[in-house]
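Below is one structure, written out as structure tokens; comments come after it.
A short reminder: the numbers here are calculations on the coordinates, not readings from a lab. The structure presented is a predicted model; accordingly, all values stated were derived computationally and were not measured. Neighbour counts run over all protein chains shown; Cβ positions are idealised from the backbone, glycine included.
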Amino acid sequence: MPKLHSEVIERIREESVRQKKEQVLFVQLVQNQSGVGVVQVSFSDRLPADTDWIRFANEDSKKRLQHGEFSMENGNIYYHPNVELNWQNTPKETIHRIESNYQFSNGKVYLDQRDYDQLVPILKRCFLSEQVDSVFMEGNICQLEINSFDETKEERISDVLLTFFSSFYPSPFLGPHHPQ
């Protein structure tokens, strides 16, 4: 379950008093036309099945938002994804492994540069501009083949991956026909 800051719990309690009924946060992940996900938060009457302060609209929202946290800022409740990226060396000098607490894909996927058109634009642009020769994704692991790799390149790729995960795309791929 995502973490709830104490001021969010207090806000739920205040809303329960105001509504004269126990309330929970109702959380829904909604994709816009370009695929970017938006976390919508509202209050809902507590149901007998609610065992926590949060009810998710569906299992997908629950699964994809489980690593984050909710906090109060300027009177509003915000979701923060808390994306973690861990770069690791591999036996091959040109292969760079990234592990994340979010999933890159549901299955094994290998892409050469010619296949990058299948990726959402933010990843395609990044991999092309950083001269990534190929990409392998499986679950929460992504391996990039890059001949000239340095700390600056790692930072730029990390920034794009953080933005990608924070945008809650349903998948790194364009359209529903690609593996997820």
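Observations, loosely collected:
- Pairs of Cα atoms nearer than 8 Å and 6+ residues apart set the relative contact order; for the chain it is 20 percent.
- Between ASN106 and ASP52, the contour length at 0.36 nm per residue exceeds the alpha carbon distance by 16.6 nm.
- Dividing the C-alpha radius of gyration of region 3-80 by 2.2 N^0.38 Å, with N its residue count, gives 1.10.
- At an R0 of 41 angstrom, the distance between the Cβ atoms of GLN31 and GLN88 translates into a FRET efficiency of 0.85.
- Projected onto their three principal axes, the Cα atoms of region 85-166 cover extents of 26, 26, 22 Å, largest first.
- Estimated 222 nm signal from helices in the chain, with DSSP H stretches of n ≥ 4 weighted -39500 (n - 2.57), rounded to 500: -7500 deg cm²/dmol
- Here the Gaussian network model covers the chain, with springs between Cα atoms less than 10 Å apart; of SER148, SER134, SER105, SER148 fluctuates the most.
- Each 10 Å bin, from zero up to the one with the longest distance, holds this percent of the alpha carbon pairs of the chain: 9, 33, 28, 18, 10, 3, 0.
- Take the Cβ atoms of HIS5 and GLN131, set R0 to 41 Å, and the FRET efficiency comes out at 0.50.
- For the chain, a Gaussian network of Cα nodes joined below 10 Å ranks PRO170, PRO81, PRO48 by mean-square fluctuation, and the top entry is PRO48.
- Residue-by-residue Karplus 3J(HN,Hα) for region 88-100, coefficients 6.51, -1.76, 1.60, Hz, glycine and proline x: 9, 6, 10, x, 8, 4, 8, 9, 10, 9, 10, 10, 9
- For region 85-166, averaging the sequence separation of C-alpha pairs within contact (under 8 Å, six or more residues apart) and dividing by the residue count gives a relative contact order of 33 percent.
- Efficiency of FRET between ASP45 and THR163 - r from beta-carbon atoms, R0 30 angstrom, step 0.05: 0.25
- 29 Å Cα-Cα threshold exceeded, pairs from LYS62/LYS108; LYS62/LYS92; LYS3/LYS92; LYS63/LYS108; LYS108/LYS153; LYS20/LYS63: LYS62/LYS92; LYS3/LYS92; LYS20/LYS63
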